[in-house]
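The structure under discussion appears below in the form of structure tokens.
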Amino acid sequence: MGLEKPVLVTGGCGFVGRHVVLRLLKMGYDVWAVDDLSIGQHPDLWLPKEYISRFRFFHQDIKEFLRKEKLPEFGDVFHFAAVVGGRANIEGNPLAVAQDLSIDAEFFSWVVKASVDRVLYASSSAAYPINVQDKKNAEALSEEMIQFGDILGQPDMTYGWSKLTGEYLSKIAAENYGVHIACIRPFSGYGEDQDNTYPVPAIAERAARKEDPLIIWGSGKQGRDFVHIENCVDAMFLILDKIKDGSAINIGSGRLMTFEEVAKKFAEIAGYTPTIKPLVDKPEGVHTRYADITKMKQVLGWEPEISIDEGFRRVYEAAVERIKNGS
Ligand SMILES: NC(=O)c1ccc[n+]([C@@H]2O[C@H](COP(=O)([O-])OP(=O)(O)OC[C@H]3O[C@@H](n4cnc5c(N)ncnc54)[C@H](O)[C@@H]3O)[C@@H](O)[C@H]2O)c1
């Protein structure tokens, strides 16, 4: 992709969006970011001044933005605008999350008419059938478990349904309209600046405060596949170069880690030995969710290089810093 056209990042002030915007600016691109700031942070809080001249921010609902008559030709388009939130939102607010169907319907209607070089659609591991993620039937989730026209299971709540629909729309955009588009299915992305409604930063902060007992949501036996956000971003650029037919690829580490193990790891980093206390009345989602990374390794020739030890240490240090600054 040449540097002459601007890159569009929807949801550009959210957790994933911020990392992609900064990476693109570092690479020399002009970036347009659209975000209604329902969750996202205003760029004044995170954008280094050196990039201001190459960055345009639209504080707007993405649906309104895309209805603008005159938009430039974009190079790549990264679509992250979505109602997400942590597990409490996904289970407690399913119809708010279903707004993603309307965001994506508008996005795809626009993308097939617009002049864009390539599109990255942020799907999720939540698109996978939940019946292979329970206690008895847990399996590493591989891409072929979702096959349009053949195998489709029940995804995770309205969030998973919207992502599955988004993947289907991506396939249609590629096959019927010739759009170069790739889907990613990130597992549990985490990072230093992630919102505390997500488990990794929340547990890190409790450990940084040396809380005892150290609280975790759910039974603590539920497991996820954690992958550092910078590694997710690395993968996105590789994927855009390799996939154009709307198909999807996992982004994960392939390693399953229970919430109990997450808490123990942060306690170890913090240098104390608290009692780990599961809050069983809090939602925990599916029991076991982790990636089969065979396709990711084959197609991208890549694996995440930030280890859990390194990534969690960074998140812990950021939590210590926030506490020190009273933020
Ligand atoms: N973080 C992860 O590990 C992860 C995992 C799987 C999938 N994803 C997907 O990646 C994308 C980004 O996730 P995230 O973790 O950055 O979430 P996020 O909530 O931090 O970011 C989403 C952004 O979209 C904005 N937004 C919401 N509705 C909007 C609208 N109508 N118009 C404009 N902006 C709007 C929000 O303000 C927010 O800044 C989502 O599609 C999500 O499903 C993320």
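Data table
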{"item": "Theoretical FRET efficiency, 1/(1+(r/R0)^6), r = Cβ-Cβ of Asp44 and Val299, R0 41 Å, to 0.05", "result": "0.60"}
{"item": "4 °C / 1.567 mPa s Stokes-Einstein diffusion coefficient of the chain, Kirkwood radius on C-alpha pairs, µm²/s", "result": "64 µm²/s"}
{"item": "Accessible-area ranking of Tyr177, Tyr159, Tyr128, Tyr290, largest first, probe 1.4 Å", "result": "Tyr177, Tyr290, Tyr159, Tyr128"}
{"item": "Alpha carbon centroid spacing (whole Å) that separates region 76-105 from region 234-313", "result": "21 Å"}
{"item": "Relative contact order of the chain, defined on C-alpha pairs under 8 angstrom at six or more residues apart (%)", "result": "17 percent"}
{"item": "Set of lysines with alpha-carbon distance to Lys135 below 16 Å, sequence-local pairs under 8 removed", "result": "Lys221"}
{"item": "Point-to-point label distance, Met27-Gln154, nm (Cα→Cβ direction, 7 Å offset)", "result": "4.0 nm"}
{"item": "Hull volume in cubic angstrom per residue (convex hull over the Cα atoms of region 76-199)", "result": "118 Å³"}
{"item": "Dimensionless Rg/Rh of region 154-243 - Kirkwood Rh, Rg from C-alpha atoms", "result": "1.09"}
{"item": "Choice from Pro186, Pro48, Pro278 showing the highest fluctuation, given a GNM over the chain with Cα pairs closer than 10 Å", "result": "Pro48"}
{"item": "The chain, accessible surface, carbon-and-sulfur percent (1.4 angstrom probe)", "result": "50 percent"}
{"item": "Cα pair distances exceeding 17 angstrom across region 3-52, given as percent", "result": "25 percent"}
{"item": "Reachable lysines, given that their alpha-carbon falls under 16 Å from the alpha-carbon of Lys68 and they are not under 8 places away in the same chain", "result": "Lys113"}
{"item": "Listed residues Pro43, Ser109, Ala318: farthest to the positive end of the dipole of the chain (Cβ charges)", "result": "Ala318"}
{"item": "Dipole magnitude (debye, nearest 20) for region 144-212, charges at Cβ of Lys, Arg, Asp, Glu", "result": "40 debye"}
{"item": "If the convex hull is drawn through the Cα atoms of region 175-311, its volume per residue in Å³", "result": "116 Å³"}
{"item": "Dipole moment magnitude, nearest 20 debye, the chain about Cα centre, only Lys, Arg, Asp, Glu C-beta charged", "result": "300 debye"}
{"item": "Listed residues Val132, Tyr177, Ala122: farthest to the positive end of the dipole of region 86-235 (Cβ charges)", "result": "Val132"}
{"item": "Per-residue ³J(HN,Hα) for region 61-69, Karplus 6.51 cos²θ - 1.76 cosθ + 1.60, θ = phi - 60°, Hz, x for Gly and Pro", "result": "5, 4, 5, 5, 4, 6, 7, 4, 6"}
{"item": "Modelled label reach - Glu64, point 7 Å along Cα→Cβ, region 17-48 residues with backbone N closer than 14 Å", "result": "34-38"}
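The values are calculated or read from the model by the stated rules, or taken from the named source; none is laboratory data. Everything numeric in this text was worked out from a predicted model, so none of it was measured. For neighbour counting, all protein chains shown are included, and Cβ atoms are generated from backbone atoms with ideal geometry for every residue, glycine included. Accessible surface is based on the protein model in full, side chains and every heavy atom, while ligands, DNA and RNA are left aside. Shrake-Rupley method; radii C 1.70, N 1.55, O 1.52, S 1.80 Å.
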